[in-house]
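> Pasting in a structure now, in structure tokens, and then I'll have a few things to ask.
The values are calculated or read from the model by the stated rules, or taken from the named source; none is laboratory data. The structure presented is a predicted model; accordingly, all values stated were derived computationally and were not measured. Reconstructed Cβ throughout: ideal geometry from the backbone, glycine too, with neighbour counts over all protein chains shown.
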Amino acid sequence: MTGPLSRTRTHVLICAGTGCVACGAFALKEALEKEIARRGLGGEILVAATGCNGFCESGPIVMVQPEGIFYQRLKVEDVPFLVEEHLIKGRPVRKFMYVPPAGESPVPRIADIGFFKHQRLIVLRNRGRIDPERIEEYIAFEGYEGLGKALTGLTPDGIIAEVKAAGLRGRGGAGFPTGLKWDFCRAEAASPKYLICNGDEGDPGAFMDRSVLEADPHAVIEGMVIGARAVGAERGFVYIRDEYPLAVRRMEIAIRQARDYGLLGKDILGSGFDFDLEVVRGAGAFVSGEETALIASIEGRRAFPRQRPPYPSRHGLWGKPTVINNVETWANIPSIIRRGAAWFSGLGTAKSKGTKVFSLVGKIANTGLVEVPMGISLREIVFDIGGGIPGGRAFKAVQIGGPSGGCLPAGLLDLPVDYESLTQAGTIMGSGGMIVMDEDTCMVDIALYFLRFAQEESCGKCVPCRNGTREMADILARIVAGEGVDEDLARLENLAMTVRKASLCGLGQTAPNPVLSTLRYFRDEYLAHIRDRACPALVCKSLITFFIEPEKCVGCLLCKKECPVEAISGERKKVHVIDQAACIKCGACYRVCPPKIRAVTKATGKP
Ligand SMILES: Cc1cc2nc3c(=O)[nH]c(=O)nc-3n(C[C@H](O)[C@H](O)[C@H](O)COP(=O)(O)O)c2cc1C
Ligand code: SF4
Ligand code: SF4
Ligand code: FES
């Protein structure tokens, strides 16, 4: 780091991403600053805020540099002890460190924590090390060097050739080659031309783009200025969903700072080239992330998709040639130009180059944001980085690609994560949502969840999507209610094919994927619901029964007190009984029966 930062012996870096802020990062920062000042260490120790480290569930996170000591879940009351022990006496505090899921001893250094050490950072290279609200820190870590090279050492065609040679593909879902898209736009005669950064991120459970925008907004700006130079655009828009206020704020600060430094606006770096950016707040619907709908939204119209072609590179914003790329796609550009296409294409597989950011969530020990080289196996992501499944449960499936993606079973854990392998397996890379499921997950229920999401988010413009997703959801709802029939599976498959082929936009075209992939890999589970009226994962309420095992019950009264409909009878120290006719299957008894006793059990299937 530069400036005042380099004069201090120790840097205490506090994660100020949304997750850590929600866990009290700002209060912690204030407490640390006060305590450090009180102990007269203000001139020696610098306290600074950074963007998200990706390990949000462990927040608030603090890192002490240069040693790279990683602390998690710190509270304001821990501050005096931490300052005394570590910052004054030089003894890192074990009780605040990360302990791996297997319950071994704490791991002091971030570089040794499984969650971090298997990752490869390009897009997230500045996470946890710079203050995103200070352009000087971005510049100190080679920021805007790529732009310098693009303006002085490369022609616009040369920039496009470099991006093509790198093999970068769009990270927003479809994986279209970025250089080719830029080439199409550059070739158009019409002007002006526009650029858009797609930061709508409507997938449930996804937060990759939010994190990049919050942690390193200048990477996106630099990527867009390089892109503007390549295609000949003068104006660009960063479309960020309105539910991301911190990302909006940081991007606005970064744009102002870049203008002040002559990196945006008129005559950038004295090159005679003009380009400026503004933030647009997103409409908040999943479909508004679809490129033609997003363009309509920027134009001030309702976010409705339209037929393509013409594609935005020919007929985009206000009918002019427009390049629209995802946040992560733009954030890759500075490193590609700075380090060269050969370096980037050396990472990954034959057709999928570079890295991919995933939000790893669900039934997994280490949830968070991870960046991994393309071609890594699902097993490495789930077990080496994610730390496996908590509570001794077994891995069952991983859902990739959000509502447009599919579920892959344990048998495919060694599948390499690249565009082609995932598509062949029945899912998509998507924008990077990765939800891990354990043996307690019902795959029919999951398919219904995603289909309902698609149904609710369908804009309603075309019939196959509007009605087809509802039809499919109705069939699935019948199956989980124990009212399915064998023919339902063929009906689901037929409908899925129609919705996929006949829908106007990607929402409808991909909405059947969660159903088709679960039918492909978990057909037995569908059949169990239909033929045996059983939910093997013991999830679907209509197909399970709660009962009390008489030989285990000690008559503690806990379940009786908790039951909201008074369905449990029994006296102190006598066996309790559930009245099945009154039971509403809320599971309260199951949750309160002490773990050592476990007298309440779930059962499924015909008695
Ligand atoms: C329903 C729907 C939602 C989408 N949401 C997003 C999104 O939130 N972010 C995104 O970058 N792309 C999203 N896309 C893909 C965009 O239409 C477009 O392909 C992408 O922004 C292009 O950028 P890329 O080439 O860098 O991937 C969505 C597509 C569909 C069909
Ligand atoms: S496929 Fe669905 S979301 Fe897309 S235009 Fe048709 S109705 Fe709207
Ligand atoms: S909570 Fe468990 S042990 Fe206690 S009365 Fe209910 S079933 Fe019996
Ligand atoms: S917000 Fe702190 S690790 Fe993500």
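> Can you find even one residue in segment 546-563 that is over 30 Å from GLY202 (Cβ atoms) and aromatic (Phe, Trp, Tyr)?
Of all residues in segment 546-563, those over 30 Å from GLY202 (Cβ atoms) come to 546-563.
Still in the running and aromatic (Phe, Trp, Tyr): 546-547.
Checking segment 546-563: at least one residue is over 30 Å from GLY202 (Cβ atoms) and aromatic (Phe, Trp, Tyr).
Rundown of residues vs (1) touching a residue at least 40 places away in the same chain (Cβ under 8 Å); (2) surrounded by 24 or more Cβ atoms within 10 Å (Cβ to Cβ); (3) under 15 Å from ASP203 (Cα atoms); (4) among the aliphatic types (A, V, I, L, M), yes/no style:
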| position | (1), (2), (3), (4) |
| --- | --- |
| ILE364 | yes, yes, no, yes |
| GLY368 | yes, yes, no, no |
| ASP384 | yes, no, no, no |
| GLY387 | yes, no, no, no |
| GLY401 | yes, yes, yes, no |
| LEU422 | no, yes, no, yes |
| GLY433 | yes, yes, yes, no |
| MET437 | yes, no, no, yes |
| THR441 | yes, no, no, no |
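> Also, I was wondering about something else. Quick check on segment 339-362: of everything there that is surrounded by 20 or more Cβ atoms within 10 Å (Cβ to Cβ) and among the basic types (Lys, Arg), which residue is farthest from ligand 2 (Cβ to nearest atom)?
The extreme case among them is LYS353.
> Still on this structure: Confirm whether ASP183 is within 24 Å of LEU124 (Cα to Cα), within 14 Å of ligand 1 (Cβ to nearest atom) and touching a helix residue (DSSP H, G or I) at 6+ places or on another chain (Cβ under 7 Å).
Criteria not met by ASP183.
> Given ARG169, ARG134, ARG129, which one is of a type in the set (Lys, Arg) and modelled with pLDDT under 95?
Details: ARG169 fails: modelled with pLDDT under 95; ARG134 fails: modelled with pLDDT under 95.
Residue meeting the stated conditions: ARG129.
> Tell me whether segment 453-467 contains one or more residues that are surrounded by fewer than 21 Cβ atoms within 10 Å (Cβ to Cβ) and in a strand (DSSP E or B).
No; the residues of segment 453-467 include none that is surrounded by fewer than 21 Cβ atoms within 10 Å (Cβ to Cβ) and in a strand (DSSP E or B).
> Using the structure shown, decide if LEU124 is out of contact with any helix residue (DSSP H, G or I) (no Cβ under 6 Å at 6 or more places or on another chain), of a type in the set (A, V, I, L, M) and either within 16 Å of ligand 2 (Cβ to nearest atom) or closer than 28 Å to ALA206 by Cα (or both).
yes
> With respect to GLU525, determine if the residue is of a type in the set (Asp, Glu) and assigned to a loop (DSSP other than H, G, I, E, B).
no
> Quickly run through segment 35-68 and pick out the residues that are without any contact (Cβ under 8 Å) to a residue 40 or more places away in the chain and out of contact with any helix residue (DSSP H, G or I) (no Cβ under 7 Å at 6 or more places or on another chain). Outline the logic, then answer.
Going through segment 35-68, the residues without any contact (Cβ under 8 Å) to a residue 40 or more places away in the chain turn out to be 37-38, 40, 42-44, 47.
Result: ALA37, ARG38, GLY40, GLY43, GLU44.
> If you don't mind, another one. Could you name every one of the helices (runs of 4 or more DSSP H) located completely within segment 1-110 that has at least 2 residues being at pLDDT 95 or above?
Details: elements: 18-22, 25-38, 79-82.
Helices (runs of 4 or more DSSP H) meeting the threshold: 25-38, 79-82.
> Tally up the residues in segment 183-209 that are surrounded by fewer than 24 Cβ atoms within 10 Å (Cβ to Cβ) and in a helix (DSSP H, G or I), please.
Residues meeting the conditions: 4.
> Still on this structure, I have one more. For segment 334-349, which positions are assigned to a helix (DSSP H, G or I) and in contact (Cβ under 8 Å) with a residue 40 or more places away in the chain?
Residues of segment 334-349 that are assigned to a helix (DSSP H, G or I), as a first pass: 334-339, 341-345.
Result: PRO334, SER335, ILE336, ILE337, ARG338, ALA341, ALA342, PHE344, SER345.
> Turning to a different aspect of this structure: The conditions are (1) part of a helix (DSSP H, G or I); (2) surrounded by fewer than 18 Cβ atoms within 10 Å (Cβ to Cβ); (3) without any contact (Cβ under 8 Å) to a residue 60 or more places away in the chain, and GLY179 fails exactly one of them. Which is it?
Every condition holds for GLY179 apart from (2).
> Another question, if that's okay. Of all residues in segment 280-325, which are hydroxyl-bearing (Ser, Thr, Tyr), within 12 Å of ligand 2 (Cβ to nearest atom) and in contact with a helix residue (DSSP H, G or I) (Cβ under 9 Å, 6 or more places away or on another chain)?
If the condition is that a residue be hydroxyl-bearing (Ser, Thr, Tyr), within 12 Å of ligand 2 (Cβ to nearest atom) and in contact with a helix residue (DSSP H, G or I) (Cβ under 9 Å, 6 or more places away or on another chain), then SER288 is the only one that fits.
> With the structure loaded, tell me whether PHE286 is touching a Leu at 6+ places or on another chain (Cβ under 8 Å), closer than 27 Å to GLY146 by Cβ and among the aromatic types (Phe, Trp, Tyr) or whether it fails that test.
Answer is no for this residue.
> Pick out the one residue from ASP216, ASP274, ASP242 that is closer than 30 Å to GLU137 by Cβ and surrounded by 17 or more Cβ atoms within 10 Å (Cβ to Cβ).
The conditions single out ASP216.
> From PHE176, PHE237, which residue is away from ligand 3 (no atom under 16 Å from the Cβ), under 16 Å from LYS320 (Cα atoms) and among the hydrophobic types (A, V, I, L, M, F, W, C)? Walk me through how you get there before you give the answer.
Numbers: PHE176 fails: under 16 Å from LYS320 (Cα atoms).
Residue meeting the stated conditions: PHE237.
> Shifting gears a bit: Test ILE295 against the stated conditions and say whether it is closer than 18 Å to ASN325 by Cβ, outside any loop (DSSP other than H, G, I, E, B), free of Cβ contacts under 8 Å to residues at least 40 places away in the same chain and hydrophobic (A, V, I, L, M, F, W, C).
No: the conditions fail for ILE295.
> Next up: So which residues in segment 496-515 are surrounded by 20 or more Cβ atoms within 10 Å (Cβ to Cβ), of a type in the set (A, V, I, L, M, F, W, C) and over 22 Å from the mean Cα position of the chain (by Cα)?
Passing the criteria: ALA496, VAL499, LEU504, CYS505.
Table: residues versus (1) within 16 Å of ligand 1 (Cβ to nearest atom); (2) surrounded by 14 or more Cβ atoms within 10 Å (Cβ to Cβ); (3) assigned to a loop (DSSP other than H, G, I, E, B); (4) in contact (Cβ under 8 Å) with a residue 60 or more places away in the chain.
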{"residue": "VAL485", "(1), (2), (3), (4)": "no, no, yes, no"}
{"residue": "LEU492", "(1), (2), (3), (4)": "no, yes, no, no"}
{"residue": "ARG533", "(1), (2), (3), (4)": "no, yes, yes, yes"}
{"residue": "GLU551", "(1), (2), (3), (4)": "no, no, yes, no"}
{"residue": "VAL554", "(1), (2), (3), (4)": "no, yes, yes, no"}
{"residue": "LYS574", "(1), (2), (3), (4)": "no, no, yes, no"}
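> Which of the residues belonging to segment 255-293 are more than 17 Å from GLU243 (Cβ to Cβ), within 16 Å of ligand 1 (Cβ to nearest atom) and polar (S, T, N, Q)?
Listed by number, the list holds a single entry, THR292.
> If I ask for residues that are more than 22 Å from VAL212 (Cα to Cα) and assigned to a strand (DSSP E or B), which ones from segment 350-397 would you list?
Listed by number, the residues that qualify are SER377, PHE395, LYS396, ALA397.
> I would also like to ask the following. So, in segment 224-242, exactly how many residues are of a type outside the set (A, V, I, L, M, F, W, C) and out of contact with any strand residue (DSSP E or B) (no Cβ under 8 Å at 6 or more places or on another chain)?
Residues in segment 224-242 being of a type outside the set (A, V, I, L, M, F, W, C) and out of contact with any strand residue (DSSP E or B) (no Cβ under 8 Å at 6 or more places or on another chain): 1 in total.
> Any residue at all in segment 275-284 that is of a type in the set (Phe, Trp, Tyr) and within 30 Å of ILE135 (Cα to Cα)? Show your work before the answer.
So the first thing to find is which residues in segment 275-284 are of a type in the set (Phe, Trp, Tyr), and the list is 275.
Next, from what is left, pick out any that are within 30 Å of ILE135 (Cα to Cα): 275.
Yes, because at least one residue in segment 275-284 is of a type in the set (Phe, Trp, Tyr) and within 30 Å of ILE135 (Cα to Cα).
> Among (1) in contact with a Leu (Cβ under 6 Å, 6 or more places away or on another chain); (2) surrounded by 21 or more Cβ atoms within 10 Å (Cβ to Cβ); (3) modelled with pLDDT of 95 or more, there is one condition LYS396 misses while meeting the rest; what is its number?
The number of the failed condition is (1).
> Out of ARG302, ARG314, I need the residue that is of a type in the set (Lys, Arg), in a loop (DSSP other than H, G, I, E, B), surrounded by 17 or more Cβ atoms within 10 Å (Cβ to Cβ) and within 16 Å of ligand 1 (Cβ to nearest atom). Which one?
ARG314
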